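Enquirer: Take a look at the following structure, please.
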Amino acid sequence: MDLQILLLLGQDGITNGAIYALLALALVLVFAVTRVIFIPQGEFVAYGALTLASLQAGKVPGTIWLLVGLGATIAVLDGFQLLREKRYAKLPPLLIFNVGLPLLAAAGLFAIPPTELPLWLQVVIAMLLVVPLGPMIYRLAFQPLANASVLVLLIVSVAVHVALIGLGLLFFGAEGSRTPPFTEISFELAGAPLQGQTVLVVVASAALIIGLYFFFERTIYGKALRATAMNRTGARLMGIPPALAGKLCLTLAAAIGAFSGILIAPITTIYYDSGFLIGLKGFVGAIIGGLASYPVAALGAILVGLLESYSSFYASAFKEVIVFTLIIPVLLWRSLTSKHVEEEEE
Amino acid sequence: MSKKLALAVLAAFSAAAFADINVGVSVSATGPAASLGIPEKNTIALLPASIGGQKVNYIVLDDATDPTAAAKNIKKLISENKVDVVIGSSTTPNSLAMMDVAVDNETPMISMAGSAIVVEPMDAKRHWVFKTAQNDAHMATAIVQHMTDKGVQNVAFIGFADAYGEGWYKEFAKIAEARKLKIVASERYQRNDTSVTGQILKIMAAKPDAIMVGGAGTPAVLPQKALKEKGYKGLIYQTHGVANNDFLRVGGKDVEGAFLPVGPMVIANQLPNDNPVKKSALEYVNKYEAAYGKGSVSSFGGHAWDAGVLLGSAIPVALKKAKPGSVEFRRALRDAIEGTKNLPAAHGIFNLTPNDHQGYDQRARVMATIENNAWKLVK
């Protein structure tokens, strides 16, 4: 192996690692705030990429039907609740957000052929179609069980994952898609060719991570999420509604997932079920961070990316085995060093 | 008394129901092999509604690319639907899982899977099993032949890290060795990998004249794209498993110039008029495209069609010997399929023997290349 190969592998590992890092952060965030081990995180990646791909193919992405369906279900559930409590003033915003906007989006998609729009606008539309799924899924699947045990939440999480995969097959078909690159530029770095898109992935991921840092440190919503992550009951006593915190962090998770999907769609082919494996590698990173530490999770995810890249060179047939075996020494070390904290009782 | 009457009525009804021929179908319409199962399922809908003057019922079940579900499907088809013959499944593991049930119930089974292991070696079990997809060895010979014609000496292999990739590597290595081709590198990757940079760098360091990609469907694009990106200039070969339009859609300009063997059906209208398969292949292509739109046809649906073609010729023969719904009919049907001679189908000409339950020869494959984002016959 010469220096050029070493550099190319490192570059490839960091690119993948950057995406895993984003997903690891989302997983840590969702777990800290809601105690949900969010298996469907990867599905947002696939949905983001495939929604953009179907927009570019001039098809109305199936995501819109999921959005309309989930929105209508929520409107019915919450609408009855509001009627029973006679809080009529809250009805219009509920209907506008959950039924009006998705229907408007659907009408818009049918009226304007998305193929003629510029790329950035297609990206925005794809994000608008996928991101609201996050809070909607939280409302329907997790909010009613907010106080259940981690195990129950995990089971629901797996169920959501299976449902989303099935719907993904229905919406996007069995074969994969790839989108054109955002930039065709390529240049040389220390004798190794470097694609502009690869740089874009790393830069965008880094920017997003910095953005998340400022969100948590500087904004009231970020602080509310951190407070909920530290102590749910305490945060509630301070006037932070847990349902809002849950929806907010799922919105963030969906945004991070969809954005990652849009970033990597030009580099690789995305299938309706690709998300799971990508999410799982982010999960390994999150586990290295003990599902608690953001920086360690991000570094762990980059480590996963690098390990994957180098092991694909040395022993391609055993690549996945090597990557997932990483979790064993990490768990051993975790169980030997960490103090066990009893889960809070409600 | 009323009980006896009820029984009599029931018997009369079931006798009436048994007069039809029941064909059970299990395809992988969902799951990882969905791109195979969906066109197969679509094709079943185009099969004739009556054969030899008898009404034919097709009962289609989905096995979600899961061998356990496939075995469950065939049990259900045999015990509840009383089928006379089973078509399925799309993949090799699923077909193997179904085999035991088919034999126990003496029901002929026509698989659409690729690996030769489904019908070889011929034993008591495989006595009941037939297969309509070309064996991998069949296709690998065509590739090796093309390589030696082009003067290739060193070749590298990159394929799926699963049964498909392994199967191809074994067949390919065996034939390549016999023809004095040297395999200088052999790498694996997963279907849903996002990057194959490591493997490609290793392969390119070995400087092969040609690279064989042992993948199927759109995941086979990834290595070829990575090779183009890293500036590989040699020949690139793909397997017949990529011959669907999604491969072209996802591959775009990156897959231009790849060589692959295909069933003649894929490029039916480019075949010379004296090609014996042209007419029967076009029949299927036209029928499928009339139903599902221009350019929608894929090689996999052809295997389901060919299962229908086999039945279309065997059922009239079997009907002379026994009534549908009986074990005698199933036995007669099995014998009739095995006796198929010179039957043109979408992928080739069937000539089955007690030792060959696949039945295709050289006419069941042609070399193609990708030119201007379309399949082109290599003359």
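Enquirer: Of (1) modelled with pLDDT under 90; (2) open to solvent by less than 10 Å² (accessible area, probe 1.4 Å); (3) more than 13 Å from chain A (Cβ to nearest Cβ), residue B:240 satisfies all except one. Which?
Expert: Evaluating residue B:240 over (1) modelled with pLDDT under 90; (2) open to solvent by less than 10 Å² (accessible area, probe 1.4 Å); (3) more than 13 Å from chain A (Cβ to nearest Cβ) leaves (2) as the failure.
Enquirer: For region A:24-78, what are the residues that are farther than 25 Å from residue A:155 by Cβ and outside any helix (DSSP H, G or I)?
Expert: If the condition is that a residue be farther than 25 Å from residue A:155 by Cβ and outside any helix (DSSP H, G or I), then A:57, A:58, A:59, A:60, A:61, A:62 are the ones that fit.
Enquirer: Please list, ordered by first then second residue, the pairs with beta carbon atoms under 9 Å, 6 or more apart or interchain, first in region B:275-301 and in contact (Cβ under 8 Å) with a residue 12 or more places away in the chain, second acidic (Asp, Glu).
Expert: What qualifies is B:284/B:306; B:295/B:289; B:296/B:289; B:297/B:289; B:298/B:246; B:300/B:40; B:301/B:40.
Enquirer: For residues in region B:321-371 being under 29 Å from residue B:272 (Cα atoms) and among the charged types (D, E, K, R), which is most open to solvent (accessible area, probe 1.4 Å)?
Expert: Looking at the filtered set, the residue picked out is B:341.
Enquirer: Ok, one more. Which of (1) within 14 Å of chain B (Cβ to nearest Cβ); (2) open to solvent by less than 10 Å² (accessible area, probe 1.4 Å); (3) within 19 Å of the chain's Cα centre (by Cα); (4) under 22 Å from residue A:209 (Cβ atoms) is the odd one out, the single condition residue A:50 does not satisfy?
Expert: Every listed condition holds for residue A:50 apart from (4).
Enquirer: So, in region B:221-237, exactly how many residues are open to solvent by 10 Å² or more (accessible area, probe 1.4 Å), at the interface with chain A (Cβ under 9 Å from one of its Cβ atoms) and either closer than 22 Å to residue B:176 by Cβ or out of contact with any Pro (no Cβ under 9 Å at 6 or more places or on another chain) (or both)?
Expert: Within region B:221-237, residues that are open to solvent by 10 Å² or more (accessible area, probe 1.4 Å), at the interface with chain A (Cβ under 9 Å from one of its Cβ atoms) and either closer than 22 Å to residue B:176 by Cβ or out of contact with any Pro (no Cβ under 9 Å at 6 or more places or on another chain) (or both) number 2.
Enquirer: I'm trying to understand the selection: among the residues of region A:232-256, which are open to solvent by 50 Å² or more (accessible area, probe 1.4 Å) and without any contact (Cβ under 8 Å) to a residue 60 or more places away in the chain?
Expert: Of everything in region A:232-256, those that are open to solvent by 50 Å² or more (accessible area, probe 1.4 Å) and without any contact (Cβ under 8 Å) to a residue 60 or more places away in the chain turn out to be A:236, A:237, A:238, A:239, A:241, A:244.
Enquirer: Can you pull out the residues in region A:155-170 that are open to solvent by 50 Å² or more (accessible area, probe 1.4 Å), in contact (Cβ under 8 Å) with a residue 40 or more places away in the chain and away from every other protein chain (no Cβ under 12 Å)?
Expert: Passing the criteria: only A:158.
Enquirer: Can you pull out every residue in region A:105-119 that is open to solvent by 40 Å² or more (accessible area, probe 1.4 Å) and either within 10 Å of residue A:56 (Cα to Cα) or assigned to a loop (DSSP other than H, G, I, E, B) (or both)? Spell out how you get there, then give the answer.
Expert: Applying the first criterion (open to solvent by 40 Å² or more (accessible area, probe 1.4 Å)) to region A:105-119 yields A:107, A:110-113, A:115-119.
Of everything in region A:105-119, those that are open to solvent by 40 Å² or more (accessible area, probe 1.4 Å) and either within 10 Å of residue A:56 (Cα to Cα) or assigned to a loop (DSSP other than H, G, I, E, B) (or both) turn out to be A:112, A:113, A:115, A:116, A:117, A:118, A:119.
Enquirer: Then there is this: Quick check, is residue A:153 part of a helix (DSSP H, G or I), under 21 Å from the mean Cα position of the chain (by Cα) and within 15 Å of residue A:43 (Cβ to Cβ)?
Expert: It is false that residue A:153 is part of a helix (DSSP H, G or I), under 21 Å from the mean Cα position of the chain (by Cα) and within 15 Å of residue A:43 (Cβ to Cβ).
Enquirer: On to the next question. Say we look at region B:311-342 and pick out the residues that are of a type in the set (S, T, N, Q) and part of a loop (DSSP other than H, G, I, E, B); which of these is nearest to residue B:58 (Cα to Cα)?
Expert: Once the filter is applied, the top-ranked residue is B:326.
Enquirer: Might you let me know whether region A:289-297 holds any residue that is within 14 Å of another protein chain (Cβ to nearest Cβ) and either among the aromatic types (Phe, Trp, Tyr) or surrounded by 21 or more Cβ atoms within 10 Å (Cβ to Cβ) (or both)?
Expert: Taking every residue of region A:289-297 in turn, none turns out to be within 14 Å of another protein chain (Cβ to nearest Cβ) and either among the aromatic types (Phe, Trp, Tyr) or surrounded by 21 or more Cβ atoms within 10 Å (Cβ to Cβ) (or both).
Enquirer: Given B:203, B:183, which one is farther than 26 Å from residue A:174 by Cα and surrounded by fewer than 20 Cβ atoms within 10 Å (Cβ to Cβ)?
Expert: Details: B:203 fails: surrounded by fewer than 20 Cβ atoms within 10 Å (Cβ to Cβ).
Exactly one residue qualifies, and that residue is B:183.
Enquirer: A further question on this structure: Read through the list (1) crowded, with 19+ Cβ neighbours inside 10 Å; (2) small (Gly, Ala, Ser); (3) under 30 Å from residue B:237 (Cα atoms), then give the number of the only condition that residue B:374 fails.
Expert: Against the list (1) crowded, with 19+ Cβ neighbours inside 10 Å; (2) small (Gly, Ala, Ser); (3) under 30 Å from residue B:237 (Cα atoms), residue B:374 comes up short only on (1).
Enquirer: I'd like the full set of residues that are open to solvent by 20 Å² or more (accessible area, probe 1.4 Å), within 23 Å of residue A:181 (Cβ to Cβ) and away from chain A (no Cβ under 14 Å), limited to region B:243-289.
Expert: B:256, B:257
Enquirer: Right, something else. Take the residues of region A:302-338 that are under 16 Å from residue A:285 (Cα atoms) and among the hydroxyl-bearing types (Ser, Thr, Tyr): which is nearest to the other protein chains (Cβ to nearest Cβ)?
Expert: A:309
Enquirer: Restricting to region B:75-133, what's the tally of residues that are of a type in the set (A, V, I, L, M), touching a residue at least 60 places away in the same chain (Cβ under 8 Å) and open to solvent by 10 Å² or more (accessible area, probe 1.4 Å)?
Expert: Let us first name the residues in region B:75-133 that are of a type in the set (A, V, I, L, M), namely B:77-78, B:83, B:85-87, B:96-99, B:101-103, B:109-110, B:112-113, B:116-119, B:122, B:124, B:129, B:133.
From what is left, the residues that are touching a residue at least 60 places away in the same chain (Cβ under 8 Å) are B:83, B:85-87, B:98, B:110, B:112, B:116, B:119, B:122, B:129, B:133.
Narrowing the set further to residues that are open to solvent by 10 Å² or more (accessible area, probe 1.4 Å) leaves B:116, B:122.
Number satisfying all stated conditions: 2.
Enquirer: Among residues belonging to region A:1-47 that are touching a residue at least 60 places away in the same chain (Cβ under 8 Å) and of a type in the set (Asp, Glu), point out the one that is surrounded by the fewest Cβ atoms within 10 Å (Cβ to Cβ).
Expert: Step one: filter region A:1-47 for residues touching a residue at least 60 places away in the same chain (Cβ under 8 Å), giving A:1, A:3-5, A:7-47.
Then drop every residue that is not of a type in the set (Asp, Glu), which leaves A:12, A:43.
Numbers: A:12: 27, A:43: 31.
Once the filter is applied, the top-ranked residue is A:12.
Enquirer: Do you know which residues across region B:30-79 are within 14 Å of another protein chain (Cβ to nearest Cβ), in a loop (DSSP other than H, G, I, E, B) and under 21 Å from residue B:288 (Cβ atoms)?
Expert: Those that are within 14 Å of another protein chain (Cβ to nearest Cβ), in a loop (DSSP other than H, G, I, E, B) and under 21 Å from residue B:288 (Cβ atoms): B:30, B:33.
Enquirer: Give, as residue ranges, the helices (runs of 4 or more DSSP H) completely inside region A:162-243 that count at least 2 residues that are touching a helix residue (DSSP H, G or I) at 6+ places or on another chain (Cβ under 8 Å) and aromatic (Phe, Trp, Tyr).
Expert: Answer list for region A:162-243: A:196-218.
Enquirer: Condition check: more than 14 Å from every other protein chain (Cβ to nearest Cβ) and either crowded, with 17+ Cβ neighbours inside 10 Å or modelled with pLDDT under 90 (or both). Does residue A:203 satisfy that?
Expert: no
Enquirer: So which of A:276, A:259 is open to solvent by 10 Å² or more (accessible area, probe 1.4 Å), closer than 12 Å to residue A:50 by Cα and not in a strand (DSSP E or B)? Show your work before the answer.
Expert: Working: A:276 fails: closer than 12 Å to residue A:50 by Cα.
Exactly one residue qualifies, and that residue is A:259.
Enquirer: State all residues of region B:166-220 that are touching a residue at least 40 places away in the same chain (Cβ under 8 Å), more than 25 Å from the chain's Cα centre (by Cα) and within 13 Å of another protein chain (Cβ to nearest Cβ); if no residue qualifies, say none.
Expert: Answer for region B:166-220, where residues must be touching a residue at least 40 places away in the same chain (Cβ under 8 Å), more than 25 Å from the chain's Cα centre (by Cα) and within 13 Å of another protein chain (Cβ to nearest Cβ): B:199, B:200, B:203, B:206.
Enquirer: Another one. Residue by residue through region A:311-337, note down the ones that are of a type in the set (A, V, I, L, M, F, W, C) and without any contact (Cβ under 8 Å) to a residue 12 or more places away in the chain.
Expert: Listed by number, the residues that qualify are A:315, A:317, A:318, A:321, A:328, A:332, A:333, A:336.
The values are calculated or read from the model by the stated rules, or taken from the named source; none is laboratory data. As the structure is a prediction and not an experimental result, all values here were calculated from the model. Methodologically, a virtual Cβ is constructed for each residue, glycine included, from the backbone with ideal geometry; neighbour enumeration extends over all protein chains shown. Each accessible area value is taken on the protein alone, full model and side chains, heavy atoms only, with ligands, DNA and RNA left out. Shrake-Rupley method; radii C 1.70, N 1.55, O 1.52, S 1.80 Å.
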